[in-house]
Amino acid sequence: MVAEKARRGLEAFLKRKAAPPTESRETLTLPDGTELPLRIKRHATARRMTLRLAPDGGEVRVTIPRWAPFSEGRNFAHSRGDWLVAHLHAVPAPLTIGAGAIVSYRGRELIVAWDKRLPRTPAILGDSLRLGGTAENIAGRVRRWLESEALDLARGDLAHFCAVADQAEPDLRLSRAQRRWGSCSTSGTVRINWRLIMAPDFVRRSVVAHEVAHLVHFDHSPRFYALLADIYDDDLPAADAWLKRHGRSLHAPFG
């Protein structure tokens, strides 16, 4: 009995040792000579290969089916070299947030007005975002303020759309994801990307409404889209178009 148990344990250990890796990290050279990190990842449910450029342009990501060799993902990335170059050139340059910088808030541009004599907590006055404290951490204080504003506004959005959809209000958390603007877990927790505070209100609200619809239909079926159209009280195509056209720009400030 003991010997049989030991044999099974050894077999299980050897199977784990022999399991193929799920991810490969390499370097990809684009047609214009630019070198970027390449991450190829096997996904259990993927049926085809997909390729994405990270929002900040810092990495190429390829997803492949679990049975595919990494070489296929590598070749796929090479075959899309011209596409990657074009999209890399379209990535907004990083923005340093400091005194005199422009920061977006709910779709409007504010000038960061710093004076060490002012309170540390940012406050809007006209077209300025005024704050004090040390000059070295202006960006950190502005970001924390934006995150706090994002949480407060998203909570109001969530309460509104849950009431319209006749759903209990779930837990809400902010997300720092690079690719997703919102998500809804199977446990019901809704996550909203804090960077949406920089977008116009109707864009942020469309994302919250999207996740509330997922509380009822955990898919993208016709019933899901029918519910979303029913509970959202603004222009969904316009919100989607705004994110498609300007979404990358929300990743330029704060790294």
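The values are calculated or read from the model by the stated rules, or taken from the named source; none is laboratory data. The structure displayed is predicted, hence computed values, not measured ones. So basically every Cβ, Gly included, is an ideal-geometry build from the backbone, and we count neighbours across all protein chains shown. The protein model used for the area step is the full one, side chains on, heavy atoms only, and it has no ligands, DNA or RNA in it. Shrake-Rupley method; radii C 1.70, N 1.55, O 1.52, S 1.80 Å.
Conditions tested, residue by residue: (1) aliphatic (A, V, I, L, M); (2) under 22 Å from ARG180 (Cα atoms); (3) in contact with a helix residue (DSSP H, G or I) (Cβ under 7 Å, 6 or more places away or on another chain); (4) without any contact (Cβ under 8 Å) to a residue 12 or more places away in the chain.
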residue	(1), (2), (3), (4)
GLY33	no, no, no, yes
ARG42	no, yes, no, no
THR45	no, yes, no, yes
MET49	yes, yes, yes, no
ARG52	no, yes, no, no
PRO55	no, yes, yes, no
ARG74	no, no, no, no
HIS78	no, no, no, no
HIS89	no, yes, no, yes
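What residue, of ILE138, ILE111, is open to solvent by less than 20 Å² (accessible area, probe 1.4 Å), in contact with a strand residue (DSSP E or B) (Cβ under 9 Å, 6 or more places away or on another chain) and more than 15 Å from LEU196 (Cα to Cα)?
Matching residue, one of ILE138, ILE111: ILE138.
In segment 173-225, what residues are open to solvent by 30 Å² or more (accessible area, probe 1.4 Å), touching a His at 6+ places or on another chain (Cβ under 9 Å), closer than 14 Å to LEU243 by Cα and in a helix (DSSP H, G or I)?
Of everything in segment 173-225, just one residue is open to solvent by 30 Å² or more (accessible area, probe 1.4 Å), touching a His at 6+ places or on another chain (Cβ under 9 Å), closer than 14 Å to LEU243 by Cα and in a helix (DSSP H, G or I), namely ARG205.
Only residues that are of a type in the set (Val, Ile, Thr) and assigned to a helix (DSSP H, G or I): list them for segment 125-170, please.
Those that are of a type in the set (Val, Ile, Thr) and assigned to a helix (DSSP H, G or I): ILE138, VAL142, VAL164.
Got a number for residues in segment 55-71 being surrounded by 15 or more Cβ atoms within 10 Å (Cβ to Cβ) and under 26 Å from PRO94 (Cα atoms)?
Result for segment 55-71: 6.
Please enumerate the residues belonging to segment 72-85 that are assigned to a helix (DSSP H, G or I) and open to solvent by 60 Å² or more (accessible area, probe 1.4 Å).
GLU72, ARG74, ASN75, HIS78, SER79, ASP82, TRP83
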